[in-house]
Amino acid sequence: MRVELDDRGELSDIGMTAQMLQPRDQVIVVVSPARREPNHLYPSRLDRPTDGYSFEQVGGRPRLLAGHSRRLLPDAAELNGK
């Protein structure tokens, strides 16, 4: 089975980077079967208990859940290049 996340732009909009999920990360994923491709799953929610990172699909768009770890996201100084 293969789990496919949203497109990179939508995930980037909520602060997810290519380095955020690594091999051997333990995650809990709630999935639905893909509509067109057999053996593919589409997540409606993803939780990483080790640091509290969580997101869910709402109306076809991902969003971070309350209580996610802020340290995973850049702070204002990092965004401003300081």
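Quick notes on this one:
- Scanning residues 5 or more positions from H40 or on other chains, those with amide H under 5 Å from its amide H are R2, A34, with H placed 1.01 Å from N in the peptide plane.
- Those trypsin sites (Lys or Arg not before Pro) in segment 1-69 that DSSP places in a loop and that have at most 15 other beta carbons within 10 Å: R24, R35, R36
- Modelled spin labels at R36 and M20, positioned 7 Å past Cα toward Cβ, are 2.5 nm from each other.
- Amide H contacts of R45 (H built 1.01 Å from N, under 5 Å, at least 5 apart or other chain): V30, Q57
Laboratory data are not the source of any read-out in this text; all were calculated from the coordinates shown. Computed from a prediction, not measured in an experiment: that's the story for all the values here. Glycine also receives a Cβ, built like all others from the backbone with ideal geometry; neighbour counts cover every protein chain displayed.
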